[in-house]
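Trainee: Handing you this structure, nothing more for now.
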Amino acid sequence: MDIEIFLTHLIHSGWVKKFQMSMLVFDIAQFFLSLNHWLLLVILSKAGFNLKISSFFSNYLISRKTQYLWNSFTSPFFYIDVGVGQGSVLSPILSILYLSPIFHIFEKRVKNLKIPVLFLSFVDDRLFISQEKSLEKTNSHLFCSYNIISSLLEQFRLAIEHGKSEVLFFQIAWPLQPAPTYRCLSYHCYYQLNTFNALDLQSFHPSLSIAIYCCTKGS
C-alpha cells in the first residue's frame, strides 16, 4: 500500500508539471538460486564484516541438504549447494548485501551519464521511473538504464527475465478509449503493444518480449 501511495503521488506531481511518466518493471531470473557464493563472500569482506562472519557464511552456504515429504512418501536427501535458499531467515539479508554493490555502481553510472531515472527495488523485482515532457525522452532514459543494469547483473552472475519485463506509460489523457483490460493503482491500463512502434522499445534488448500498458486516470 505504501508504494501505491508513493507512485500515485509521483504520477500526480509529475502531471502538475506537465510531465509524462514511464515505468519499466523487470524481474531477476531465479534470483535466490543464482546468488554466487564466492562473490557473496568477497562482498562481505569488502564491506568490512568481521572474518568470523565471513567464515560462518562460508560454511553455512555449503553442504546443505533438503528432503521432501508427501503424505507417507519421504524422499532421499538432495544437496542444495546453490544460491541462498528462498524462505530462509537469512536469505533477505544476504540478497540485499549481494545487490548493494550492483546498485551502488548503477547509481554512479547513471549519475555520470546524467540520466534522471528513479530506481526502486523489491527483493527480486525492480522498476525504473522516468518523468519528462515527452515519451521519447522517458524511453531514452529507460533504454539506457535497462542496458546498464542488465550488463551489471550479468557481471554478478545474475540475469533479467526479459520475457516478464513491462513498460507502463502514465498519461493525463489518452486519445484511444478501449475497454479497460487491466487495473493498476487507481488507473485504467490499456494493452497497446503496437501503438508505440516509433519508440523502438524492442531495441531495449535483443531477446526482450515486452508488454506495454498505457495508463490514464480511473474513475
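Any read-out appearing in this document is the output of simple, stated calculations on the displayed coordinates, not a laboratory observation. Predicted model, so just to flag it, every value in this text is computed and none were measured. Cβ atoms come from the backbone with ideal geometry, glycine included; neighbour counts cover every protein chain shown.
Trainee: When the Kirkwood radius is taken over all Cα pairs of segment 1-158, what Stokes-Einstein diffusion coefficient follows at 37 °C and 0.692 mPa s, in µm²/s?
Mentor: This corresponds to a translational diffusion coefficient of 181 µm²/s.
Trainee: Fully extended, how many nm does the chain gain between Val16 and Ser121 (0.36 nm per residue separation, minus their Cα-Cα distance)? Display every interim value, and only then the final one.
Mentor: On the way: separation 105, 0.36 × 105 = 37.80 nm, distance 2.59 nm.
Here the answer is 35.2 nm.
Trainee: May I pose another question? Just to confirm a number: summing +1 for Lys and Arg and -1 for Asp and Glu over residues other than Leu152 whose beta-carbon lies under 13 angstrom from that of Leu152, what do you get?
Mentor: +2
Trainee: Please label the shape of segment 43-128 as rounded, prolate or oblate, based on the square roots a ≥ b ≥ c of the eigenvalues of the alpha-carbon gyration tensor (a/c under 1.5 means rounded; beyond that, a/b larger than b/c means prolate, else oblate).
Mentor: Verdict is oblate for segment 43-128.
Trainee: Please state the shape class of segment 1-82: rounded when a/c is under 1.5, otherwise prolate if a/b exceeds b/c and oblate if not, all from the C-alpha gyration tensor.
Mentor: Oblate, because a/c is 1.5 or more while a/b does not exceed b/c.
Trainee: Just in segment 17-66: which trypsin sites (Lys or Arg not before Pro) are loop by DSSP and have at most 13 other Cβ atoms within 10 Å?
Mentor: Here the trypsin sites (Lys or Arg not before Pro) that fit, given the DSSP loop and packing criteria, are Lys17, Lys18.
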